[in-house]
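Asks: Dumping the structure here so I can ask a few things about it.
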Amino acid sequence: MARFQFEIAVLLAIFGTASFSAFLFNKVRAKDGKIQLPTHTEENGAEDLTPDPFDVTTAEDYLEGYPIEEEKFWKRMRWRKTVLFVLFTAILVLQCVRLGFLSIGNEMESKDLAVSVIHICFALYLLVITALSFKQNTVEPHSLTIIHLAILNFVASVTQAVSAILPNTPPIVESVSAPESLPNNLWYATIVSYIVSAILAFATPCGPPLHFPNESIYSAKTVASTTNTDQANVTGISSASPWGYLYFTYTTKVVMLGNVAESLEIGDLPIVPANMRATVNFAKMKKTMQSVKLKFGNWRPQPGSGWQTAYHIAKLNKFVLAAQFLLAAVSACMFYVPAFFMRMLVVYLENDPNREQRGWGWVYAVGLFLSNIFVYMLTSQLWSLSTTTIQVRFRIQLNSILFAKTLVRKDSASSAPPKEKKGDEEENKKDKKEKDVEDDFSSKAQIMTLMTTDVDRVSEFAWHFFTLVDSRIELLMPMMFLYKLLGYSCFFGLAVTCLFLPMNHFAGKVVVGAQDNLMKTRDERISLMNEVLGAIRMLKFMAWERSFEARVLKIREKELKYQKLNYTIETLWNAIWNGSPILVTLVSFWHYTVVRGQDLTPSIAFTSVLFNELKFALNALPETFINLLQSAVSLRRIEKYLHTVEVSPVPPLEQQSQTIAFQSCTVTWPVDRIQSSTQPSAAPSASSTPRQKFVLVDLSLKFPPGELSLICGKLGSGKTLMLLALLGEADVLTGQLFCPRSPPNAIASFKNMDKNEKWVIQGLTAYVPQSAWLRNASIKENILFNLPYDEERYQQTLEACALVTDMEILEDGDESEIGERGVNLSGGQKARVSLARAVYSRASILLLDDVLSAVDAHTAHHLFYECLKGELMKDRTVILVSHHVQLCAPDASYVVALDNGRVLFEGDRDKFQSSGVMRSLVQSTLVDTSDEKEEAVIEDQSVPSESKHSDSSDPSSETNTITLAPVKEKKPARKLIEEEARAVGRVSRDVWTTYVKACGSYGFWLLFVATFTVAAVTPVAENGWLKVWAGSVSEGSGSMGDRSASFYIGVYAAVCGVGLIVTTLRWFVLYRGSIHASHVLYKRLLETVLFANIRFHDTVNRGRVLNRFGKDFEGIDSSLSDNFGRTVLNGLSTATTLITLSVVGGPMFILGAIVIGSIYWSGVYSQTSRDMRRLGKYSVTRSPLYSIYGETIAGVTIIRSFGASSKFLRDMLACVDTNSNPYYWMWGVNRWLSIRFNVLSCSIIGLMAVVAVANPGISASLAGFSLAFASTITGDLLFLVRRFVSLEQSMVALERVKEYSELKREPPEFIEPRPPASWPSKGSIRCEDLVIRYAPDLPNVLHHLNFEILPGEKVGILGRTGSGKSTLALSFFRFVDPTEGRILVDDLDISKIGLTDLRSKLTIIPQDPAILSGTLRSTLDVFDEYQDSEIYEALRRVHLIPSDNIEEEETLNANVFRNLESPVSEGGENFSTGSKQLLCMARAILKRSKVLVMDEATASVDYATDELIGKTIRQEFADNTILTIAHRLRTVIDYDRIMLLDQGRIVEFDRPGVLLSQPTSKFYALCKATGKDEFAMLKKLAGL
């Protein structure tokens, strides 16, 4: 009987029993599980009576896919199972026959009988499993059967085969009797049958190929771009064979796709399995967060500590995490099996130098090869699980839950001031760290950071996670191994490592501190960049680019200082950890040879290099702890955000009261309070409200249903706050508030509506904010806002909102794309599209925040009578905030007047008209203002900062829209925001050269090459010396035999020491170059973007530009140099190893190496993985995700008011799927490559071992030397490829940065000769034959304008939307250069003046005021040029503070403008639009330019203030030339002249009095349209 048969039989029995138990367990679980199945498929959980509006999963989401050609597949499987059945029958028969032969023999022992019986039972069990599986035609039982058969056959065939090939000679001591030949042949036949059935079982697919409809998971745009027509579009992981799973063959399809296609699209990639999809993960995460709470006894974690969220993630992913830990433990234990075989091989070579008995040599060589392969199979599965599964899941779960939180979180970001420098005393007492984190969500950029950087950091920890398990095992295993080799000497070595442990702790603290500072500075820089890009027009108008460039670079310097510190710590730390194994080896060898006087043989010397494996374990632990600490910081921030206050839940419509009223109510702007876990929604109280918060006091109002109500009041009186209170967005401090709200899933539930259904639904609300919030989509999509398209209603809406003519002007009509923040529409158009969205909606309650502000007199009149009082508003409750009191009050059923947070008046229109209140709100003479351009009122919280600055000067009104995008073809509609470009193929050479040049000059590169080359050669020297030393022992007293052990150890120490110093030095060299490159590249990008043409900023999504400054630069700063250095390092290491091995191994080895090299150079992998990275990590699919984050954070109030939350959630989940799919496959392809490379490099080691056994010329010390080297080739080759691909992927970031560093720039800042310092001293303006168009291929916007403006003249520019008013204003600042003609200011042609000189000498007050966050002082005096007294004087001139100097006492709602330290939030969102316009005017007064252009500068200011400002302008700017674009005629009626534009031509240009005295003039018609009384007043003011 062959050897070890009893042990093998026991092993088979154990596996058989385990398999049987697993089948039983599965059966029981399936029975239990049946009861719970319905909750998966039902859209709403049955347990809760009120359906959850945020439950966006459908039954289809849980499906893996729909089987393709299912019948054929199961037919094929039955054939396979038949073959297996026949094989198992044969095995059973063979085993029975063998038992018969053995029993015929004379002495059959009971042990032999037991072995035979177990073998028969085992074969019978396989037969039964196969027989039972014939009826299976569903995936789960079939795949289970196949996996069991594969494992059982594998174990049987491997154990029997090993037993068969073991030589019968020692080292096994027991004598072996040769068995009889017949049973022996039967036994061999059985082994062959097992091997065949194992191969068959391993190759059997676990399920049919699947198809899943693309449109159910991706956005329509993604589906449209798909080119791959393969039906089987779901990842093969669910249907792969066991071998396919282990060897990742299901990824081959993707690799080939990437290699064949020029460039991969998302839709071409296979769809991920159900448990990796966003909807499923979100549903599970949400359920876990609701039902699972962490507590030990009475202890509960503090909200915001991060423990709760960590527990939720761990609980949700417990099975994969358990599998990860188990795999880590097993692979760590197996890690040293190859080392065992290597030692046995070297011992064999020592003992049998002439290779007389090669049998055991072959066994060890094959053992070395197979054990390596087995270890790599295991580690590949471990990495696959960690990267593709756990990491992607973590990202999806955290992203989706944060997004869902944003949809219900009180929008305190926009009302919050920036981080306060000086907190209250109590605040300062708080733990500083906690304060930092808590402040973190005051700006929208910080919420973005949370959803991007923090989530990434936590998810990337997934693949450091298992190190906690495996590095401990990897520390224990070599200790045991080394003890066996070196005896107790190894403990002296290991004792040295303990000295490093305290350093570990200290370094950990330093690293976290440095990382924390780095992240904070990075946040600060991104935040500033976000603001700078948002206010880019203002920066250009003011010629502030250089100043802000310096400000950004200052923070950048600080950031790079921390980055450098990070690098230094990292390098020194690595030096310590690289030094520790060297020290351990030296101490152990010294004790072994010098103290104990033992000989160092090759088998001991080269296996002890295992100390190097310790290096990995010792290195990995500190790195893991750092990552753990960084992830903990991120988890804390995430949890803190998840605990912020939410708006109260919205009950279903039928449960809501339809009353709209306040009862003794006091409300204020929302304050961010962290909820405690016990109190889910802590009610705010008056005492906890900060002093500077604005409060509406003691409101008792009731709005009539189905009627129009008007809310009016002066600037800053709290009108917007009242609307937001009705929407449930404000904090109610006392009293009660009633108002129905739209349920979050309102819009999603209208997907399929009945034709006869009533359109308007009682209780739904719609809100139009003061600054329009528009999505980056077509006008039609913005108006429909995900509702079904109703042709008739849509046309009525366009007519009511006066959009019909606009649609005719726009080349693509309502299909025209709206740029980011509506940048290509004029202010009036944006307001009307925003209004149209509410009018078209199915809401019965419309809350309109000053919709008449951005339109001219005619349009305001039209909107009020045709829209607000028109057919579409029948039976709808409209609550309108407006300054247009004369126009609106006569038709309002109910009027509320506010003043500084108190109700001045409430009642019906008659009482209002007869009260004195109305007089204070209209112009000096009580006349019908149905002309004026209304005002965009107070503090709109919810409006995105982005949308505020956008059309700073009404870019060219409509004309701009017509012209902004280059015409490609008439149809389909053009894209304003171009698709993000994506480079194709390998990274081009000039991207590499850019980096090489940025790092440094020749000197740097010489030093670089020198240090890296020397460092690469040191391992050869170390191992070479070990060979000499061990060789001198094994070969007796050779040439060096008479030297003492101390000599050898001394030289070894010297070689290792030099190696360590050089390896540390090379990193310092590399990082110095890296920091230099980061500095150079950033400065280049920043300058180019700041000085880029304004057209670039209008047509490129801001998220995309920020992506370059943020994520891409983060990559360039922190990982590009690392990847570059390690690529070079691994490349040199591989080269030295291959050269050394070729010298030892000879031609046979060189041949093998060539094969491997050619396989890599085919480049299959690198092509695919780089394209994946372009799609996934960095670039293109990230941008839409950032966009939807940005849009939602900015417009969350509007989204909630319409009931669109769940629709947005579903859209976001589609974006997440689109983004995580390439990310998933990027790692998949990575694993596909790794496993293949590992197998190839195992072959190199196997090849080397075989050469050593076959060739007696190779001594034991030489073989040990070469095998020690060969074992490093695996890692080197793999990491060379992986690092090179990572490098190419990091280069993609550089490629994207380079693309934006080469943008077309504006004309030069300065042109010699420069204008005199006093220019313009007079302020005369002359236009000669001025023609302007936006691009060469677009029509003219201004046609041959000729006019002259005298010094000190005040000119009003009028004209309907799109007549070219703002284009004219822009041309004075050279935002657009004349196609023909010229503009002269004080007789100087402005096209001959540098932009900085020109723009710094002229001033514009734009329609969309842009102010930056900080304090009131930093907003008005950006560069500290003025005294406080001057600033206060300017504030008085614009009537933001009273002109009398009386200090008012600290009362409720004190005037914030009295304190120059008052905080200004991001985009100035804590001020009303009107206040911001006045701040811009105060800034202009401080600047005192000779020429002032005002573009709707007081559009959002109430009439009384507007009149006062008119007086200020006349006094302050008496000697200045002023051009004013206005819709309010009264603003310009007393100007020197009026210019009337129509379609880019001047139709009238004369004194107002002259024009008014001509009944045929257009200006006369314009004034007449304002109403009889106002017309009379205008005539009077014009001096007629």
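The values are calculated or read from the model by the stated rules, or taken from the named source; none is laboratory data. Predicted model, so just to flag it, every value in this text is computed and none were measured. All Cβ positions, glycine included, derive from the backbone under ideal geometry; neighbour counts span all protein chains shown. For accessibility, only protein heavy atoms count, side chains too; no ligands or nucleic acids. Shrake-Rupley method; radii C 1.70, N 1.55, O 1.52, S 1.80 Å.
Asks: Please give the helices (runs of 4 or more DSSP H) falling wholly within segment 827-931 in which 3 or more residues are over 30 Å from E781 (Cα atoms).
Replies: 885-888, 909-914, 917-921
Asks: If V234 satisfies every condition in (1) out of contact with any His (no Cβ under 8 Å at 6 or more places or on another chain); (2) aliphatic (A, V, I, L, M); (3) touching a residue at least 40 places away in the same chain (Cβ under 8 Å) but one, which is the exception?
Replies: That leaves (1) as the condition not met.
Asks: Ok, one more. Tell me, please, whether a residue that is open to solvent by less than 30 Å² (accessible area, probe 1.4 Å), modelled with pLDDT under 90 and either of a type in the set (S, T, N, Q) or more than 24 Å from P705 (Cα to Cα) (or both) can be found in segment 756-767.
Replies: no
Asks: For residues that are open to solvent by less than 10 Å² (accessible area, probe 1.4 Å) and touching a Leu at 6+ places or on another chain (Cβ under 9 Å), scanning just segment 522-532, find the one that is farthest from V633 (Cα to Cα).
Replies: Ranking the candidates gives V532 first.
Asks: Go through segment 362-377 and report how many residues are closer than 17 Å to F1265 by Cα and either surrounded by fewer than 18 Cβ atoms within 10 Å (Cβ to Cβ) or small (G, A, S) (or both).
Replies: The total comes to 1.
Asks: Only residues that are open to solvent by less than 50 Å² (accessible area, probe 1.4 Å), over 30 Å from S133 (Cα atoms) and among the aromatic types (F, W, Y): list them for segment 49-107, please.
Replies: F54
Asks: Of the residues A1249, A1254, A1293, A1317, which single one is open to solvent by 10 Å² or more (accessible area, probe 1.4 Å), more than 30 Å from R1382 (Cβ to Cβ) and either of a type in the set (S, T, Y) or modelled with pLDDT of 80 or more (or both)?
Replies: Unique residue meeting the criteria: A1254.
Asks: Does T249 count as over 21 Å from Y62 (Cα atoms) and over 28 Å from the mean Cα position of the chain (by Cα)?
Replies: yes
Asks: Now, a different point. I'd like to check something: does segment 90-97 contain any residue that is out of contact with any strand residue (DSSP E or B) (no Cβ under 9 Å at 6 or more places or on another chain) and either more than 23 Å from A198 (Cα to Cα) or of a type in the set (F, W, Y) (or both)?
Replies: Checked segment 90-97: no residue is out of contact with any strand residue (DSSP E or B) (no Cβ under 9 Å at 6 or more places or on another chain) and either more than 23 Å from A198 (Cα to Cα) or of a type in the set (F, W, Y) (or both).
Asks: While we're here: Select from segment 1385-1403 the residues that are touching a strand residue (DSSP E or B) at 6+ places or on another chain (Cβ under 7 Å) and open to solvent by less than 10 Å² (accessible area, probe 1.4 Å) and list them in ascending order.
Replies: V1385, I1390, L1402, T1403
Asks: Looking at segment 74-86, I want the residues that are in a helix (DSSP H, G or I) and have a partner that is open to solvent by less than 70 Å² (accessible area, probe 1.4 Å) and β-branched (V, I, T) with Cβ atoms under 8 Å, at least 6 apart or on another chain. Which pairs are those?
Replies: That search, which allows pairs on different chains as well, returns M77/T204; R80/T204; K81/T130; L84/T130; F85/T130.
Asks: Out of everything in segment 191-242 that is part of a helix (DSSP H, G or I) and among the aromatic types (F, W, Y), what residue ends up being surrounded by the fewest Cβ atoms within 10 Å (Cβ to Cβ)?
Replies: Here the answer is F202.
Asks: Taking the condition closer than 30 Å to F1375 by Cα and modelled with pLDDT under 85, does L1280 pass?
Replies: In short, no.
Asks: Does A278 satisfy the condition of being open to solvent by 30 Å² or more (accessible area, probe 1.4 Å), under 19 Å from R393 (Cα atoms) and at pLDDT 90 or above?
Replies: So A278 fails the test.
Condition check ((1) over 30 Å from V1253 (Cα atoms); (2) modelled with pLDDT under 85; (3) over 31 Å from the mean Cα position of the chain (by Cα)) across all residues:
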{"site": "Q1289", "(1), (2), (3)": "yes, yes, no"}
{"site": "L1303", "(1), (2), (3)": "yes, no, no"}
{"site": "P1308", "(1), (2), (3)": "yes, no, yes"}
{"site": "D1337", "(1), (2), (3)": "yes, yes, yes"}
{"site": "E1353", "(1), (2), (3)": "yes, no, yes"}
{"site": "S1363", "(1), (2), (3)": "yes, yes, yes"}
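Asks: Of the numbered conditions (1) part of a helix (DSSP H, G or I); (2) within 27 Å of V1501 (Cβ to Cβ); (3) touching a helix residue (DSSP H, G or I) at 6+ places or on another chain (Cβ under 6 Å), L1398 fails exactly one; give the number of that condition.
Replies: Result: L1398 fails condition (2) only.
For (1) out of contact with any strand residue (DSSP E or B) (no Cβ under 6 Å at 6 or more places or on another chain); (2) surrounded by 16 or more Cβ atoms within 10 Å (Cβ to Cβ), each residue gets a yes or a no:
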| position | (1), (2) |
| --- | --- |
| C1327 | no, yes |
| I1332 | no, yes |
| P1336 | yes, no |
| F1347 | no, no |
| L1350 | yes, no |
| P1378 | no, yes |
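Asks: Only one of these is under 22 Å from V667 (Cα atoms), open to solvent by 10 Å² or more (accessible area, probe 1.4 Å) and either of a type in the set (K, R) or modelled with pLDDT of 80 or more (or both): V903, V896. Name it.
Replies: V903
Asks: Can you spot a residue in segment 1427-1434 that is open to solvent by 70 Å² or more (accessible area, probe 1.4 Å), farther than 17 Å from T1512 by Cβ, of a type in the set (S, T, Y) and at pLDDT 85 or above?
Replies: Checked segment 1427-1434: at least one residue is open to solvent by 70 Å² or more (accessible area, probe 1.4 Å), farther than 17 Å from T1512 by Cβ, of a type in the set (S, T, Y) and at pLDDT 85 or above.
Asks: Among (1) in contact (Cβ under 8 Å) with a residue 12 or more places away in the chain; (2) within 21 Å of I1325 (Cβ to Cβ); (3) outside any loop (DSSP other than H, G, I, E, B), there is one condition Q1477 misses while meeting the rest; what is its number?
Replies: Single failed check for Q1477: (2).
Asks: I would also like to ask the following. So which residues in segment 1486-1504 are surrounded by fewer than 22 Cβ atoms within 10 Å (Cβ to Cβ) and over 16 Å from E1353 (Cβ atoms), if there are any at all?
Replies: Within segment 1486-1504, L1486, K1487, R1488, A1504 meet the criteria.
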